[in-house]
Amino acid sequence: MIDAYDFGRIVINEKTFTSDVIIFPDRVEADWWRKDGHVLHIEDVESIVKEKPEVLIVGTGKYGVMTVPSQTREWIESNGIELIVEPTDHACKVYNEVSKAKKVVAALHLTC
C-alpha cells in the first residue's frame with residue numbers, strides 16, 4: 001500500500017523511498033533507472049512484463065514529464081497487460097484501489 005507521495009518521496013508500507021521505484025506484489029525495487037530518464041522504453045519494463053501482472057501502472061512524475069512512447073505502450077499491451085499511465089499523484093491513488101482486486105505492478109517516477 002502506498003501511504004504517501006510527494007515530489008521526490010514515497011512511503012510504501014511505512015517505508016520511505018527517495019528514488020524512483022517499481023512496486024511488485026511481493027517487493028519494492030528502489031533506485032529504478034531508465035535508459036532515458038524521461039522516456040519509458042521497452043527495455044525499462046522487460047523485468048515487469050516477465051512477472052505477468054494484470055495491470056501496469058506507470059507514474060509519470062509529479063508534473064507528468066516522463067512519456068511512454070506508443071511503441072512501448074503497444075508492446076506492454078500485446079503481452080496482455082492493461083496499461084495505466086498517469087501523473088504519479090494519481091497513479092498512487094489508482095494503485096491503492098486496483099491492487100485490492102488485481103495483480104498490479106507500479107513503476108513510479110517520483111520527481112518531475
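Anything in the stretch 65-112 that is crowded, with 16+ Cβ neighbours inside 10 Å, of a type in the set (S, T, Y) and in contact with a strand residue (DSSP E or B) (Cβ under 9 Å, 6 or more places away or on another chain)? List them, or say none.
Of everything in the stretch 65-112, those that are crowded, with 16+ Cβ neighbours inside 10 Å, of a type in the set (S, T, Y) and in contact with a strand residue (DSSP E or B) (Cβ under 9 Å, 6 or more places away or on another chain) turn out to be T72, T88, Y95, S99.
Report yes if some residue within the stretch 15-22 is closer than 22 Å to G80 by Cα, among the charged types (D, E, K, R) and out of contact with any Phe, Trp or Tyr (no Cβ under 8 Å at 6 or more places or on another chain); otherwise report no. Talk me through it step by step, then tell me what you get.
Of the stretch 15-22, the ones closer than 22 Å to G80 by Cα are 22.
Subset that is among the charged types (D, E, K, R): none.
Taking every residue of the stretch 15-22 in turn, none turns out to be closer than 22 Å to G80 by Cα, among the charged types (D, E, K, R) and out of contact with any Phe, Trp or Tyr (no Cβ under 8 Å at 6 or more places or on another chain).
Only one of V55, V21 is touching a Lys or Arg at 6+ places or on another chain (Cβ under 6 Å) and buried (at least 17 other Cβ atoms within 10 Å of the Cβ); which?
Working: V21 fails: touching a Lys or Arg at 6+ places or on another chain (Cβ under 6 Å).
Result: V55 is the single residue among V55, V21 that is touching a Lys or Arg at 6+ places or on another chain (Cβ under 6 Å) and buried (at least 17 other Cβ atoms within 10 Å of the Cβ).
Being surrounded by fewer than 12 Cβ atoms within 10 Å (Cβ to Cβ), of a type outside the set (G, A, S), over 14 Å from N96 (Cα atoms) and at pLDDT below 95 is the requirement here; does K15 meet it? Outline the logic, then answer.
Working: surrounded by fewer than 12 Cβ atoms within 10 Å (Cβ to Cβ): yes; of a type outside the set (G, A, S): yes; over 14 Å from N96 (Cα atoms): yes; at pLDDT below 95: no.
Spelling it out, it is not the case that K15 is surrounded by fewer than 12 Cβ atoms within 10 Å (Cβ to Cβ), of a type outside the set (G, A, S), over 14 Å from N96 (Cα atoms) and at pLDDT below 95.
Could you tell me which residue of the stretch 25-50 is nearest to G61 (Cα to Cα), considering only residues that are crowded, with 17+ Cβ neighbours inside 10 Å and not aliphatic (A, V, I, L, M)?
This residue is W32.
For K62, only one of the following conditions fails: (1) out of contact with any strand residue (DSSP E or B) (no Cβ under 9 Å at 6 or more places or on another chain); (2) farther than 18 Å from F24 by Cα; (3) of a type in the set (K, R). What is its number?
Among (1) out of contact with any strand residue (DSSP E or B) (no Cβ under 9 Å at 6 or more places or on another chain); (2) farther than 18 Å from F24 by Cα; (3) of a type in the set (K, R), K62 violates only (1).
Test each condition in (1) within 19 Å of L110 (Cβ to Cβ); (2) out of contact with any Pro (no Cβ under 6 Å at 6 or more places or on another chain) for T60 and report the one that comes out false.
(2)
Note down all Cβ pairs under 8 Å where the first residue falls in the stretch 90-106 and is at negative phi, the second is part of a helix (DSSP H, G or I), and they're at least six residues apart or on different chains.
V104/Y95; V104/V98; V105/I48; A106/A91; A106/C92; A106/Y95
W32 versus (1) in contact (Cβ under 8 Å) with a residue 60 or more places away in the chain; (2) in contact with an Asp or Glu (Cβ under 7 Å, 6 or more places away or on another chain); (3) farther than 20 Å from A4 by Cα: which is the lone unmet condition?
Looking at each condition in turn, W32 falls short on (3).
Could you check, for the stretch 69-83, whether at least one of its residues is within 12 Å of the chain's Cα centre (by Cα) and either of a type in the set (D, E, K, R) or at pLDDT below 95 (or both)?
No, the conditions are met nowhere in the stretch 69-83.
The values are calculated or read from the model by the stated rules, or taken from the named source; none is laboratory data. Nothing here was measured: the structure is a model prediction, and the numbers come from that model. Reconstructed Cβ throughout: ideal geometry from the backbone, glycine too, with neighbour counts over all protein chains shown.
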